[in-house]
1. Students often get this wrong: which residues of the stretch 95-120 have the backbone nitrogen under 11 Å from the point 7 angstrom along Cα-to-C-beta of residue 287?
2. Working out 0.36 nm times the residue gap between residue 5 and residue 156, then minus their Cα-Cα distance, what length gain in nm do you get to one decimal?
3. Using the beta-carbon distance between residue 313 and residue 203 and R0 = 45 Å, what value does 1/(1 + (r/R0)^6) give for FRET efficiency, to the nearest 0.05?
4. Rounded, prolate or oblate: which one fits the stretch 40-180, using the alpha carbon gyration tensor with axes a ≥ b ≥ c (rounded when a/c is under 1.5, else prolate when a/b beats b/c, else oblate)?
5. What does the extension gain come out to for residue 93 and residue 61, with contour length at 0.36 nm per residue minus their alpha carbon separation?
6. Is it possible to state the helix-based mean residue ellipticity at 222 nm for the chain, with each DSSP H run of 4+ residues giving -39500 (n - 2.57), the sum divided by total residues, to the nearest 500 deg cm²/dmol? What is it?
7. Expected output is a single nm value to one decimal: the length gained when fully extending between residue 131 and residue 211, i.e. 0.36 nm times separation in residues minus the C-alpha distance. What is it?
8. Could you work out how far helix 96-105 tilts from the main Cα principal axis of the chain, as a 0 to 90 degree angle to the nearest 10?
């Protein structure tokens with residue numbers, strides 16, 4: 001069967017169908033494809049029939065960095081556009097450090113795409129964004145500016161949105177993305193750059209970039225601005241059975257560092273409704289730091305509750321310990 005945009009759309013549609021309606025079969029497909037399969041059946045076809053890159057001339061495969069020993073890029077387009085593939089449906093949050101390091105450390109690379117065949121994340125170097133307008137102090141060295149996902153978006157929308165990265169226009173599109181990011185990140189007013197010719201698609205893409213780069217004010221934002229609390233302060237919640245310590249950021253959010261949530265008494269914790277916290281402490285919260293807008297969000301996760309009663313009492317129980 002000839003590979004065309006239509007047949008590739010059908011392929012993504014089939015994957016989306018499994019993901020949404022037949023998760024067991026989706027997991028089985030992921031186990032068969034692994035990372036190399038995602039490259040072969042999704043990434044390379046996408047680059048060729050959707051983004052119109054010449055897979056013989058425009059792409060360097062398994063390209064080693066010229067400036068950083070040990071870095072090897074899955075795909076490097078035109079020497080400047082990085083594309084990294086991960087196993088089907090893999091948690092991309094686990095791979096952010098890799099793409100951040102790759103883009104940050106290599107002067108020729110200003111932007112990249114990270115995908116697991118289902119989610120598509122667009123990353124841009126902060127200095128590239130700042131070159132269009134102003135200083136964005138609250139952003140890191142490499143910024144996730146946009147995300148598309150077959151989990152929530154239709155196949156048609158994802159493919160339509162990806163059109164802005166076609167070979168003949170991706171450089172201009174990244175400049176426009178940087179302009180939109182700088183516009184909103186610096187608190188601009190007026191009208192930002194147009195990213196897509198379709199009005200509805202353009203509005204969605206612009207809104208997602210805005211959400212990605214604007215300061216996300218956490219519960220303690222006003223306290224930090226007023227000087228009552230400072231970035232880096234530790235706040236601790238402690239009961240007879242659990243202990244949770246969080247670190248404040250300059251935007252008032254809180255970071256739960258690895259190992260900073262502990263169950264002190266398993267039996268008492270289960271009896272008091274903290275049972276869901278036990279696997280979190282042993283797995284997710286032991287593997288990586290997590291950021292939260294409100295410490296109450298951590299309590300909700302720890303108790304597996306959508307709505308938490310006595311929120312003010314829980315907040316008041318978080319005391320500064322440094």
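Nothing in this text is a laboratory measurement; each read-out follows from the coordinates by a stated rule. Computed from a prediction, not measured in an experiment: that's the story for all the values here. Cβ sites come from the backbone with ideal geometry, for glycine too, and all protein chains shown count toward neighbours.
1. Under cut-off, by backbone N: 95.
2. Full extension from residue 5 to residue 156 adds 53.3 nm.
3. Efficiency at R0 = 45 Å is approximately 0.60.
4. Details: a/c = 1.32, a/b = 1.16, b/c = 1.14.
Here the stretch 40-180 falls in the rounded category.
5. Result: 9.2 nm gained on full extension.
6. -11000 deg cm²/dmol
7. Contour length minus Cα-Cα distance gives 26.8 nm.
8. Rounded to the nearest ten degrees, it is 60.
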